[in-house]
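Once you've had a glance at the structure underneath, I'll fire off some questions.
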Amino acid sequence: MSSDLKELKKIEKDADQCMKCGFCSFFCPVYQEEHTETSVARGKNFLVKEILKGNQEFTPEMGEIIGKCLLCKRCVANCPSKTQIDRVVVGARAQMVKDKGLGFIKDFAFRKVMSNRKAFGRYVKLASKFQWIFPKGEGNIRHLPDFLKALGQGRHIPAIAKTFLRDQVEEVNKPQDGKEPKMRVGYFMGCATDFIYPELGKKIIDFLTKRGIEVVVPKEQNCCGAAIYFSGDFETGRKLAKDNIDAFKDVDYIVTACGTCSSTLKDYKVYLPDNEDQQKAYEEFGKKIKDATEFVVDVMKVNLDELKLKKEFEGKTATWHDPCHLIRYQNIKEQPRAILRALKGLKFAEMPNADLCCGMGGSFSVYHYDLTKKIADKKMAGIKATNADIVVTACPGCMINLIDNVARSKMPQKVHHLLELVE
Amino acid sequence: MIKESLIGEFEKIVGKENVLTSKESLKAYSYDGTSSWIHEPDVVLFPTSTAEIAAIMKIANAEKVPVTPRGGGTNVSGGSVPIQGGIVLALAKFNKIIRIDKENMTATVEPGVVLMDLNMALAREGLFFPPDPQSFLGATLGGIIAENAGGPACVKYGVTKQYILGLEVVLPTGDVINVGGRTLKNVVGYDLTMLFVSSEGTLGVVTKAELKLNPMPPARKTIMAVYDDVAKAGENVFRVLENGVIPNKIELLDNWVINRIEEMMPMGLPKDADAVLLFETDGIPEAVEKETEKIVEIAKKYGATDVRVAKDQAEADKYWLARRAGFAAVFGKAPTVFAEDVTVPRGRIPDLIRKCKELAKKYAVEIVVLGHAGDGNLHPSILTDIKNKDHYDRAVKAMDEIIEGAVELGGVISGEHGIGLEKQKFFRKIENPKVIDIMKGIKALVDPNNIMNPGKIW
Ligand SMILES: Cc1cc2nc3c(=O)[nH]c(=O)nc-3n(C[C@H](O)[C@H](O)[C@H](O)COP(=O)(O)OP(=O)(O)OC[C@H]3O[C@@H](n4cnc5c(N)ncnc54)[C@H](O)[C@@H]3O)c2cc1C
Ligand code: SF4
Ligand code: SF4
């Protein structure tokens, strides 16, 4: 093989951690549906090691295998050897993109999606709006964030907003009481909030400025890059990282209400660095990133008892879905629950398997929608068991998938972002 | 290599999606929980019924194709590695719990049911299946039966064979037989059920099992005792038992393991202790209280420097998590690890530990001890590196002597992991040739063409 295996060598140590105990199979949502070794961390890891040893090539099937991972980290959280399979999988994808080009991984499945003319039309339209990220051409369609690509395929998905958030908000938002700001915070929108949930963005700006914080919304901010670098396109990932680092200077914190974005921004340092300068820059940047849930509870230390529940949720029962990117990537578990429990007038019911991945997994759900549906069915069973009126979470990516599956299962629940509940 | 035309036959039996032949898939079924054995099969099949398995076996037998059953692939003796190629019969999709009978306290399961899934279903009914191999997250009932697995709780409850009432087995010829039954007592000729338990997949495929269950004990307590000498900990094990208390678990961690666990997940284990014993008692609350008191008293009397009773389940869970992390701690620290499975009569535990310490000095290798002290199954593990020839050779010698030492103490070479490929050389050396002949005779009778998991045990 002519490959230098540079990206793979970076994760060789992670791959070597695995002692092949097979415990991950119990936790892996994909294995639990397919029951095959190649679905789960142990098998993926073994095959990646085979590539490192020169016994295996990046074949199309190998692409399928490393593609078929939700990156949900359930295996990692429960691995006795602490094997970081997310790094192994992402590193392998990066190596593959480097050696074979991005199309190689995605072409097959992508063609399936593309053959749907109507869906294709929507991609093109959306892609045209993405010009600020990517140069024109078919390539940028491939780079659409995954949840946008998930449109079509007969899904129940919220409509694209008429006016994007970036066109609705000011760049600088002073505290509403007119006083000197307590803090200067950068707000990172994230694509889903920008294009689909602009109201959520306005909500968080309002929430913060009401409490004496100055919020800046740099227009140069870009996509967080999750969809892109988790697919292995590290080159574009690094470009986005640079854009975002440059966009947010002179702020105390960078806050986002998207769990995937907050984890992705924090983790540039885990996946992307190619040299020491980048490592340092990513680490520095990561320190400033706060997910909205942890920002409210741990940094602002808002007195939760004073939070007011919006009228429309009065008397309702809420259940909480843990986004993988919050609970396992950022260890954020208690903060959102503390908020839900504190909201007077709202009942909180813990669902069984709250930490189970919803099945979205970024590009996973585009290429393996059937599996997504099966995994989501288990999530739906958990929601049903609570008899809740609303499903609350803090990641627009999960929201899109939950809305789709609640509707598909003909369930009555509405899906909300945690901050939508608060006055 | 398997004949191309057979693949089509198999597809007709189990469906195209249940036949894997790609290079990548075959690699993913070339290993199990061991580090030293790897061999690819020619095809992986996922049957989901007894009839499918019978049909597959008929073809395999006629064509003399090796068949290796595979459950969770968690065994640590090379048992599910298809060492002669052929078919891997992957049973992971044949995994329904057919019935839980509360009245008779039995369960009927398909072989691919994962132990943890069974435990969760039983807990909802107030029942439990006592054998508790620590691989419960991955191990299947088929593999557990084929290896006669047992875990910490065997001090009080015994191992798998005590909980198997009956089995349905597909023989290598494709014939289906039922052995045993659904009753607690059963003396109808030879006890063939026991023949299949611990047969390591060499005599047939277990396709259904009738399990004996216990009621879930309503209370449990964990006690941690600390020792400044690992041999004293070993002695404590039988002191507790001879004083009339049978805890359901007694597990041992030595100083090295304690320190690695503390590095991995700091949880306040005493780092300077030479060894720690973890006890668990279970049963009705009053008895558990009394037994706990008694264990604390005896541990103190026989040299424990500190004894702690976990104040709640959370603290107890922490200790048991540490115990489970023990294996990972060992494997994560050296490129090659010999995890031995020797088992000695309980009273000889201190002798075995002393022996390990001597050998560690003699061969200048690290030998760590962690294991099911309650049943004398100690898992001394030697850390080495196959690439460092000199060190590796010393480690091999140390291992040989541990095994000889254990046998001299009246023990056996494997308590729970089985012979598979890993222990063959010791099996041949230590087992009486007449006994091996009887086993081989049984094998030839049941499997005339030697197609069931060939190459294993002897
Ligand atoms: C971290 C770790 C901890 C462990 N702890 C313990 C422990 O505490 N106690 C213990 O006893 N073991 C332990 N083991 C070993 C292992 O988990 C057990 O041997 C277990 O019973 C294997 O089950 P499995 O489903 O993974 O079987 P596999 O590994 O797939 O197969 C084991 C053997 O059974 C055969 N087999 C599988 N299914 C069938 C079937 N349906 N019919 C016929 N033959 C079949 C296979 O051919 C093979 O020979 C541990 C392993 C690991 C990795
Ligand atoms: S749980 Fe961890 S060590 Fe065990 S097989 Fe999975 S990745 Fe490997
Ligand atoms: S990250 Fe999730 S989907 Fe991927 S191997 Fe681990 S458990 Fe399975």
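The values are calculated or read from the model by the stated rules, or taken from the named source; none is laboratory data. Everything quoted here is computed from the prediction, not taken from an experiment. For neighbour counting, all protein chains shown are included, and Cβ atoms are generated from backbone atoms with ideal geometry for every residue, glycine included. Please note that ligands, DNA and RNA were not included when accessible areas were found on the heavy atoms of the full protein model with its side chains. Shrake-Rupley method; radii C 1.70, N 1.55, O 1.52, S 1.80 Å.
List the residues, sorted by chain then number, that are 5 or more residues from B:Thr336 or on another chain and whose placed amide H is less than 5 Å from its amide H.
So B:Thr336 has HN proximity to B:Thr384, B:Asp385, B:Ile386.
With only Lys, Arg, Asp and Glu charged, each at its Cβ (+1 for the first two, -1 for the last two), find how big the charge dipole of the range A:163-291 is about the Cα centre; round to the nearest 20 debye.
420 debye
Now a separate question. With respect to the cross-link table entries A:Lys53/B:Lys93; A:Lys219/A:Lys288; A:Lys162/A:Lys203, which display a Cα-Cα separation exceeding 26 Å?
Beyond 26 Å: A:Lys53/B:Lys93.
Turning to a different aspect of this structure: At a 1.4 Å probe, which residues in the range B:306-337 are at least 40 Å² less accessible with all protein chains present than in their chain isolated?
Flagged in the range B:306-337: B:Ala328.
Right, another one. Along its principal axes, what span do the Cα atoms of chain B show, with the longest given first and each in whole Å?
Projected onto its principal axes, the Cα set of chain B covers 68, 59, 42 Å.
Mind checking A:24-37 for the average number of partner chain beta-carbons within 10 Å of each residue's beta-carbon?
Rounded to a whole number, the mean comes out at 4.
Looking at the range B:245-290, which residues lose a minimum of 20 Å² of accessible area between their chain alone and all protein chains in place, measuring with a 1.4 Å probe and not counting ligands or nucleic acids?
B:Met264
Please determine, in degrees from 0 to 90 and to the nearest 10, the orientation of helix A:85-100 with respect to the longest principal axis defined by the Cα atoms of chain A, where the helix direction is its Cα long axis.
60 degrees
For chain B, what % of the accessible area comes from carbon and sulfur atoms, probe 1.4 Å?
C and S atoms contribute 54 percent here.
Report the percentage of all Cα-Cα pairs in the range B:217-330 whose separation exceeds 21 Å, rounded to a whole percent.
31 percent
In peptide B:18-26, how many Cβ atoms from other protein chains are near each Cβ within 10 Å, on average?
Counting other chains' Cβ atoms within 10 Å and averaging over B:18-26 gives 4.
While we're here: Say the cut-off is 18 Å between C-alpha atoms; which of A:Lys20/A:Lys82; B:Lys156/B:Lys318; B:Lys397/B:Lys423 go over it?
Among A:Lys20/A:Lys82; B:Lys156/B:Lys318; B:Lys397/B:Lys423, the Cα-Cα distance tops 18 Å for B:Lys156/B:Lys318.
Further question on the same structure: Mind listing the long-range amide H neighbours of A:Cys28? Cut-off is under 5 Å, sequence gap 5 or more, other chains count too, H placed in the peptide plane at 1.01 Å from N.
For A:Cys28, no residues qualify.
Roughly how tilted is helix A:276-288, in degrees to the nearest 10 and between 0 and 90, from the longest Cα axis of chain A?
30 degrees
If you don't mind, another one. Checking the a/c ratio against 1.5 first, then a/b against b/c, what shape does the Cα gyration tensor give for the range B:43-118?
Taking the square roots of the gyration eigenvalues as a ≥ b ≥ c, the range B:43-118 is oblate.
Taking chain A as the reference, fit the longest principal axis to its C-alpha atoms, fit the long axis of helix A:369-386 to the helix C-alpha atoms, and give the angle between the two in degrees, 0 to 90, nearest 10.
Approximately 40 degrees, to the nearest 10.
Related question: Report the A-B buried area as the accessible area lost on both sides summed, probe 1.4 Å, in Å² to the nearest 100.
Between A and B, the summed buried area is about 2300 Å².
Let me ask you something else. Charges on Cβ only, +1 for Lys and Arg, -1 for Asp and Glu, centred on the Cα centroid of the protein assembly as shown; of B:Thr68, B:Ile419, B:Val369, which one is farthest towards the dipole's positive end?
B:Thr68
Okay, moving on. Highest GNM mean-square fluctuation, chain A, Cα pairs closer than 10 Å: which of A:Thr36, A:Thr393, A:Thr293?
A:Thr36
Could I ask something else about it? Mind checking the mean number of beta-carbon atoms from other chains within 10 Å of the Cβ atoms in A:38-50?
Per residue, the average neighbour count from other chains is 3.
Just the number, please: carbon plus sulfur as a percent of the accessible area of chain A, 1.4 Å probe, no ligands or DNA/RNA counted.
Of all accessible area on chain A, carbon and sulfur atoms account for 50 percent.
Positive end of the dipole of the range A:6-100, charges at C-beta (+1 Lys, Arg; -1 Asp, Glu), about the Cα centre: which of A:Phe46, A:Ile85, A:Gly22 has its Cα farthest in that direction?
Result: A:Ile85.
Once you have all Cα-Cα distances for the range B:310-429, histogram them in 10 Å bins from zero and send the whole-percent values.
Answer for the range B:310-429: a P(r) of 13, 42, 33, 10, 2 percent.
Which links in B:Lys58/B:Lys456; A:Lys100/A:Lys414; A:Lys174/A:Lys301 stretch past 32 Å when you go from one Cα to the other?
A:Lys100/A:Lys414
Give me the compactness ratio for the range A:165-299, meaning the Cα radius of gyration over 2.2 N^0.38 Å.
1.02
By average Cβ neighbour count within 10 Å, what is the ranking of A:307-313, B:218-224 from highest down?
Highest mean packing first, the order is B:218-224, A:307-313.
Quick one: accessible area per residue over the protein assembly as shown, 1.4 Å probe, rounded to a whole number of Å²?
39 Å²
I've got another one for you. Could you work out the relative contact order of chain B? I mean the mean sequence separation of Cα pairs under 8 Å and 6+ apart, divided by the number of residues, in percent.
Computed value for chain B: 15 percent relative contact order.
What full-extension length gain, to one decimal in nm, is calculated for A:Asp246 and A:Lys210 as 0.36 nm per residue of separation minus the Cα-Cα distance?
So the chain would gain 10.2 nm between A:Asp246 and A:Lys210.
How are the Cα pair distances of the range A:350-410 distributed, in percent, across 5 Å bins from 0?
Final binned percentages: 4, 19, 33, 28, 12, 4, 0.
In the range B:122-137, what residues drop by 10 Å² or more of accessible area when the other protein chains are put back, versus the chain on its own? Use 1.4 Å, and skip ligands and nucleic acids.
Those residues are B:Gln134, B:Ser135, B:Leu137.
For a quick protection proxy, order the peptides B:167-175, B:237-245, A:175-183 by their average other-Cβ count within 10 Å, most packed first.
B:167-175, B:237-245, A:175-183
Roughly how many nanometres apart are two label points built 7 Å out from the Cα toward the Cβ at B:Asn214 and B:Glu401?
A separation of 3.9 nm, rounded to one decimal place.
So between B:Ala444 and B:Lys96, what do we pick up on full extension, going 0.36 nm a residue minus the alpha carbon distance?
122.1 nm
Could I ask something else about it? More than 26 Å apart: what percent of Cα pairs in the range A:234-361 qualify?
32 percent
For the range A:6-100, what is the convex hull volume of its Cα atoms per residue in Å³?
82 Å³
Which ³J(HN,Hα) values, rounded to whole Hz and listed in residue order, are derived for the range B:10-25 from phi using the Karplus coefficients 6.51, -1.76 and 1.60 in 6.51 cos²θ - 1.76 cosθ + 1.60 with θ = phi - 60°, glycine and proline given as x?
5, 4, 5, 7, 10, x, 4, 5, 9, 10, 10, 9, 5, 4, 5, 5
Taking the C-alpha atoms of the range A:310-423, how large are the radius of gyration and the largest Cα-Cα span, Dmax, in Å?
That works out to 13.4, 42 Å for Rg and Dmax.
May I pose another question? Put a dot 7 Å past each Cα toward the Cβ at A:Ala385 and B:Ala287; how far apart are the dots in nm?
3.1 nm
Take A:Lys344 and B:Leu184, extend 7 Å from each Cα along the Cα→Cβ direction, and tell me the distance between the two endpoints in nm.
Using points 7 Å along Cα→Cβ, the separation is 5.9 nm.
Using the Kirkwood formula over every pair of different C-alpha atoms, what hydrodynamic radius in Å results for the protein assembly as shown?
For the protein assembly as shown, the Kirkwood estimate is 29.5 Å.
With a cut-off of 8 Å between alpha carbons and a minimum separation of six or more residues, what is the relative contact order of chain A in percent?
After rounding, I find 15 percent.
Quick one: which residues, 5+ away or cross-chain, put their amide H under 5 Å from the amide H of B:Gly79? H built at 1.01 Å from N.
Excluding prolines and chain starts, which carry no amide H, the hits are B:Leu421.
How large is ³J(HN,Hα) for each residue in the range B:301-315, as worked out from phi by the Karplus curve 6.51 cos²θ - 1.76 cosθ + 1.60 (θ = phi - 60°), to whole Hz, x for Gly and Pro?
Karplus-based 3J(HN,Hα) across the range B:301-315 equals 4, 9, x, 5, 7, 7, 10, 10, 9, 4, 6, 8, 5, 4, 5 Hz.
Right, something else. Over all directions, what mean area does the Cα convex hull of chain A project, stated in square nanometres?
The Cα convex hull of chain A, projected and averaged over all directions, gives 19.6 nm².
Now for a different question. About the Cα centre, and with charges only on the beta carbon of Lys, Arg (+1) and Asp, Glu (-1), how big is the dipole of chain A? Nearest 20 debye, please.
860 debye
Mind listing the Cα extents of the range B:134-176 along all three principal axes, in Å, largest one first?
38, 22, 11
Treating the beta-carbon of each Lys and Arg as +1 and of each Asp and Glu as -1, no other charges, what is the dipole magnitude of the range A:292-341 about its Cα centre, to the nearest 20 debye?
The dipole magnitude comes to about 120 debye.
Consider a paramagnetic label point 7 Å from the Cα of A:Asn55 along Cα→Cβ; state which residues of the range B:399-432 have an amide N under 20 Å from it.
B:421-423
How high is the relative contact order of the range B:124-176? Use alpha-carbon pairs under 8 Å, at least six apart in sequence, and give a whole percent.
35 percent
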